[in-house]
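Asker: The structure under discussion is supplied below as C-alpha cells; questions concerning it will follow.
The values are calculated or read from the model by the stated rules, or taken from the named source; none is laboratory data. Worth saying up front: this structure is predicted, and the values here are computed from it rather than measured. So basically every Cβ, Gly included, is an ideal-geometry build from the backbone, and we count neighbours across all protein chains shown. Remember, those area values only see protein heavy atoms, side chains included, never the ligands or the DNA or RNA. Shrake-Rupley method; radii C 1.70, N 1.55, O 1.52, S 1.80 Å.
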Amino acid sequence: MSAYSVLFVDDEPITRRISLRLLAPHFDVIEADNGVQALAQIDKFGARIGVVVTDIKMEKMDGLSLIDNISIHHPDISII
C-alpha cells in the first residue's frame, strides 16, 4: 500500500465505486461525494491524504471551490 491516501471526490456513486475498484489495489482510498464532505475528510485524515482527485460539477461545493480551498489551506496536498 502507498504511504499516503487518495481522496476521491465525486457526486456520482457509480463513478466512485468504479474508481475505488481501480485505485484500491494501489492506494488507500478515502471517498467524498461533494466538496464539503471532502474538506471534512481532509480535517479528519490530515497529512495522510497526499492527493485529491475531484469532479468539478457537484452540489454543495463544486470542485473548483474545493481546489481553491485546498490550495489555500492545504498547499501540501496535490490535486488532480
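Asker: As an exercise: evaluate residue 56 against (1) open to solvent by 90 Å² or more (accessible area, probe 1.4 Å); (2) more than 10 Å from the chain's Cα centre (by Cα) and give the number of the one condition it does not meet.
Answerer: Result: residue 56 passes all but (1).
Asker: Given the criteria surrounded by 13 or more Cβ atoms within 10 Å (Cβ to Cβ) and assigned to a strand (DSSP E or B), does residue 36 qualify?
Answerer: Against the criterion (surrounded by 13 or more Cβ atoms within 10 Å (Cβ to Cβ) and assigned to a strand (DSSP E or B)), residue 36 does not qualify.
Asker: Tell me yes or no: at least one residue of region 67-78 is part of a loop (DSSP other than H, G, I, E, B) and without any contact (Cβ under 8 Å) to a residue 12 or more places away in the chain.
Answerer: yes
Asker: Go through region 1-30 and give me each residue that's charged (D, E, K, R), surrounded by fewer than 18 Cβ atoms within 10 Å (Cβ to Cβ) and farther than 17 Å from residue 78 by Cβ.
Answerer: The answer is 12, 17, 21.
Asker: Okay, moving on. Within region 40-53, does at least one residue satisfy the condition of being surrounded by fewer than 17 Cβ atoms within 10 Å (Cβ to Cβ), out of contact with any Phe, Trp or Tyr (no Cβ under 9 Å at 6 or more places or on another chain) and of a type in the set (Val, Ile, Thr)?
Answerer: Within region 40-53 (the criterion being surrounded by fewer than 17 Cβ atoms within 10 Å (Cβ to Cβ), out of contact with any Phe, Trp or Tyr (no Cβ under 9 Å at 6 or more places or on another chain) and of a type in the set (Val, Ile, Thr)), the answer is no, since none of the residues qualifies.
Asker: Any chance region 13-34 includes a residue that's farther than 14 Å from residue 80 by Cα, touching a residue at least 40 places away in the same chain (Cβ under 8 Å) and touching an Asp or Glu at 6+ places or on another chain (Cβ under 6 Å)?
Answerer: no
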